[in-house]
1. Please state the shape class of the range B:249-324: rounded when a/c is under 1.5, otherwise prolate if a/b exceeds b/c and oblate if not, all from the C-alpha gyration tensor.
2. Counting other Cβ atoms within 10 Å of each Cβ, which GluC sites (Glu not before Pro) in the range B:351-416 have at most 11 and sit in a DSSP loop?
3. Helix A:2-23 versus the longest principal axis of chain A: what is the Cα-based angle in degrees, 0 to 90, to the nearest 10?
4. Mind checking which aspartates and glutamates have their C-alpha under 14 Å from B:Lys445, skipping anything on the same chain fewer than 8 residues away?
5. With a sphere of radius 14 Å drawn around the Cβ of B:Gly307, what net charge do the other residues whose Cβ falls strictly inside it have (Lys, Arg +1; Asp, Glu -1)?
6. Using Cα atoms only, what is the angle between the long axis of helix B:72-99 and the major principal axis of chain B, expressed in degrees (0 to 90) to the nearest 10?
7. Expressed in nm to one decimal, what extension gain is obtained for the pair B:Phe289 and B:Arg350 from 0.36 nm per residue of sequence separation less their Cα-Cα distance?
8. Using the reciprocal of the averaged 1/r over all distinct C-alpha pairs, how large is the Kirkwood radius of chain A in Å?
Amino acid sequence: MIAAICFYIFATILVGSAVMVVFSKNPVHSVLFLILAFFNAAGLFVLLGAEFVAMILVIVYVGAVAVMFLFVVMMLDINFTELRKGVQDYLPIGLLIGFILLVEMVVIVGGWSMSDGIAITITAATPPANEITNTDAIGRILYTDYIYLFQIAGLVLLVAMIGAIVLTHRKRPGVKKQNIGDQVRRRRGDAFEAIDVKPGQGIGKI
Amino acid sequence: MAELFPNLSIAYGEIFLALGAMVLLMVGVFKKDSVNLVSWLSVAFMAIALFLTIGAGAEQQYTFSNLFVADGFTRFMKILVLVAAALAVIMSREFFRLEGDNRFEFPVLLVLATVGMMIMVSANDLMSLYMGIELQSLSLYVLAAFKRDSERSTEAGLKYFVLGALSSGILLYGCSLVYGFIGSTNFSSIATALSNMGDGNAPIGAVVGLVFVLAGLAFKVSAVPFHMWTPDVYEGSQTPVTAFFAVAPKVAALALLARTLYVPFGDMSGSWTQVIMFMSIASMLLGSFAAIMQTNIKRLMAYSSIGHVGFALLGLIAGTSGGLRGLIIYMTIYLVMNVGTFVCIMSMRRKEDGMVEDIKELSGLSQNHPALALAISIFMFSLAGVPPLAGFFAKWYVIIPIVTQGHFVLATIAVLASVVGAYYYIRIVKVMYFDDQVEGFLPQKSFPMKIIVTLAAVLIIAFIVPQISTPILESATAAAQGMDPN
């Protein structure tokens, strides 16, 4: 009962905020609605018993991706009203495509059945879901059975980092950087000189 | 249950090279002007990895919870990959020295790409297959765009990246379908499941999944109809990058394709033979006909590589150990021919224009540089498959297995395609020997480059000598039997 109520609350807010992502006038509001949508989707995952995916959704999507969107929206000067110009013209065809997709999904879900061959297929051993949580289950295999893939994933990220630096890092001439050693080593004599000025002669050449 | 500590000894080559890449990165970052040091160190690391790979032995062993396999076949293919990569590093050093580009990341990325290729060759699971491909491709995208000030190079990198990401998506979709319908991603388990189902009883979803996986892999080997990126990327990238692209990734991806088709999906050969047959015929024909119109020698080599992939795929159609042996021999000889050709292309340099890539610049080369012209002619005749050069034997050993399997039409098409292909290869020889002389190139001063080109040319001519070819043929036979195809 409570689960059903929670489901309808999460689902309604999710759909509502997803609509607002598209329709809100201010792009910053769009991103904030997107974050709301992510939170509600995470709630739905918790209801399904997939708490690991829910946490990942919050950490990765809300924590990193949405914040990055926010930065992009606020830092880049994109004219969003210009981007929205065609909405009226494209609305009918967009609705039509959306409707077709909806019908297709209903057909797929309605006609859902397991493959005939499922009885003879072999399935990977999964731990019983009522005994351990899925975070625990992933933790048991990620660093043992799949350590090889885990390490390769690390290498892929290393390549991504090297690639980003190779393709974008440039040495700019004339950039002044703080050198604390130089600052500390600087003595009064480096910048300051006491000159005894005789009356009527000026300071002459320094 | 998995053993407490995986058996690392068969993966020493990969582990060493991966750690070596990080050492190189540190050396490059903390030591000023260390690009020469990093390059030669990376060649040395590849050589050590080569010995470690050879030392791992040829019997079939699994490790990392069956994600990784090592046998005679993977050993042979890894040797090819490592040799091609080491030669690419040496060529790139000569090239960048003349271009004045001294970024040490180039050899580091090349080493990481090589690690990815070795992982691909040794993959025994759809997941390690994907991770290997991704590690390799990501490094290659960066290498393609390495000359970031050049519009063509950036375009090549971007095009490669977008299409590569698309193909990775297709591949993953196929993997998920296979997993959904068969219940495992492991090659050995898939093979067991399919043989339990019996011949022709594979679920339709698995067949669709296999076709998607094949499409993704075909993109990586640039087989028609997934070849569109090849000419642009080959032309836009810098020449040593193109030389690398043309050999090592193809060897790795073909090895992966061979294992994927023979081991897990061996029982579904009825489903994939037609697909491979179509790709092979289309690649051979397109490679031959489209190359005729090309004026840029790197574009020409791109179409030539598409055609050669078509020939190499013939070996897979036979579905026998002999066919696999043909593929191995083909890739070995292809490596030698291509490396030699690209060293020659890199010698096309003038003082004021820098690198030139137009075929008409070769006009009358025989009078300016008789040795270079002779070397290019040898490579071109060999690529065309003119006996008694090595290229002829490469084609011979892939066509014989399909003839014994009764695919006469296919063999005829292959021979006809190679006749058409001969036209554009030999046209280059004609341009060099019979056209008017134009301004010569700067003389090739680099000693390593001269050694590579001489060695490649000598190997191609000497392949007919039994003392040279027998060891290669025998180790190819052993390698093909090492995978133990059905």
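The values are calculated or read from the model by the stated rules, or taken from the named source; none is laboratory data. This is a predicted model, so every value here is computed, not measured. No Cβ is skipped: glycine too gets one built from the backbone with ideal geometry, and neighbour counts run over all protein chains shown. To get the accessible areas, we keep the full protein, side chains included, count just its heavy atoms, and leave off ligands, DNA and RNA. Shrake-Rupley method; radii C 1.70, N 1.55, O 1.52, S 1.80 Å.
1. Numbers: a/c = 3.17, a/b = 2.13, b/c = 1.49.
Prolate, since a/c reaches 1.5 and a/b exceeds b/c.
2. On the way: sites: B:Glu352, B:Glu357, B:Glu361; in loops: B:Glu352, B:Glu357.
When the GluC sites (Glu not before Pro) of the range B:351-416 are filtered for loop state and at most 11 Cβ neighbours within 10 Å, B:Glu352 remain.
3. The answer is roughly 50 degrees.
4. Partners found: B:Glu94.
5. On the way: positive: B:Lys250, B:Arg299, B:Lys395; negative: none.
Once positives and negatives cancel, what remains is +3.
6. 30 degrees
7. Working: separation 61, 0.36 × 61 = 21.96 nm, distance 3.06 nm.
Difference between extended and current length: 18.9 nm.
8. Numbers: mean 1/r = 0.0405 Å⁻¹.
Value: 24.7 Å, from the Cα pair sum.
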